[in-house]
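Okay, structure first, notes after.
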Amino acid sequence: MTTGRRPRQRYTAEQKADFFALFEELQHNTEAARQLGLNPRGTYQWLRERGMRSHGSPGRKRHPEREHYFMLRESGIPRREASRIAGVHYRTAGDWDRGVSSRGNRRHYADGRVVDYTSGMTTYSDQTVLVDRPRSEKLQQNLHPRLISLEEREQIRDLTRDGHSLRSVARILGRAPSTISREIRRNLSREGTYHPYAAHRKAADRRPRPKLRKLIESGPLRAYVQEKLSEFWSPEQISRSLRMDYPTEPGMRVATETIYQTLYFQGRGQLRREIAAALRNGKARRTSRSQAQRRQPRFTDPMVMISDRPPEVADRAVPGHWEGDLIIGKEGASQIGTLVERTTRFVMLVHLPLTRDATTVRNALVQTMSQLPAYLRRSLTWDQGVEMAEHKKFAIAADMPVFFCDPASPWQRGSNENTNRLLRQYFPKGTDLSVHAPDELARVAGQLNTRPRKTLGWETPAQRLAALLAS
């Protein structure tokens, strides 16, 4: 009885010689083995026996537009515009500017930092890139106009020496007074004088990015921060306490944002749980703030809010203004559309058995509203559900504008909310609403429309609507 195992393939000395000759040219094990029809695993073992190794993919070239991109950047074009012209992704362009390279599942940064996304660890290489003093070509490099040039620094020196105030200097240079004040304050010599060339060198020293994080290196500042984080202090409390505990030591200062940035930078792999325990919000990564005043538009077509409705809608004096919504079935898999006329409280139910996407809801509403005369199709008020994404198309097809309630304000459609509560007697929550046929919906709507209503003087919605139609 055979096992079906293939016999081990034996290679000749000539095949080995051909492989090593091709490997010397390509410097890549897999490609050399493929071209010769050999097993890459076996050829890799040959390399190990000789103490040799493969050096990456053959013929791997840089991005063809990389040089074009850097030429655009040197000409003063902003990153986003240069990446668009060169046809590269904006994030890739940002990595090029910062000197970031990707190899496998690792990202190598210019400061020696290596992020391994497989293990979740972040380390620093032994050969950390240190920032040397800027060379003369860096000092003479054409910078962005927002940065102060050497000629402007010479003017600052001359004008302040002649007795001009900071605001006067700023007005002459076309700069903000705070820019001139900050420039002088940051670049003063130890004697308290401002030298333009020394200031230019200091500015060039501060220019390279990225910089080493302040809390990466071990020391008393890092120990203090770690100790207070273990006691569940917030980063802001730590930053403020440092000023009080070490009032005469400038080295014992760290901004609140620096602590957060360091924590989030280290927050990968096993460290995520430690950071979540240290931070009060329990989050190991930063999320953007979404303020109400910065709320993104809900739909592509701009909404007309309920505050812009005509006054006649609010006082219910003129019929033809409707409120609408959906009632949702079990697990959100089924739905029924509900429409209520504000003056008569007349109810119409919309059959939506399969889906509630914007196109389906629009077509069903247009078909339902087309049964009414024009003077009973004055407006529709809805909440900001995604099912009304095609509200503009509906408004054109049904010839009636759509107004939207404010977020989380269902009381602005009071008649419809009350009707939905009554409908739950017929369509309980947690049930499948797709089993109800159009005839069943018409029967339920008929029952609601023939109930006497206290708000109508004990008349029924059907009687009120019939009177309107007769008149």
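Each reported figure results from applying straightforward, stated rules to the coordinates on display, with no laboratory input. From a predicted model like this one, the values you see are computed outputs, not experimental measurements.
Of note:
- Under-5 Å amide H pairs with Phe403, H placed in peptide plane, nonlocal only: Leu380, Thr381, Trp382
- Residues in region 218-226 carry Karplus couplings, in order, of 6, x, x, 5, 5, 4, 4, 5, 5 Hz; the curve used is 6.51 cos²θ - 1.76 cosθ + 1.60 with θ = phi - 60°, and Gly or Pro positions show x.
- From phi via Karplus (6.51, -1.76, 1.60), per-residue ³J(HN,Hα) for region 186-191 in Hz, x at Gly/Pro: 7, 10, 5, 7, 5, 7
- Compared with the alpha-carbon gap, the fully stretched path from Leu26 to Ala198 is longer by 56.9 nm at 0.36 nm per residue.
- Couplings 3J(HN,Hα) of region 418-429, computed from phi: 5, 5, 4, 5, 5, 5, 5, 5, 8, 10, x, 5 Hz, in residue order, whole Hz [Karplus 6.51 cos²θ - 1.76 cosθ + 1.60, θ = phi - 60°; x for Gly and Pro].
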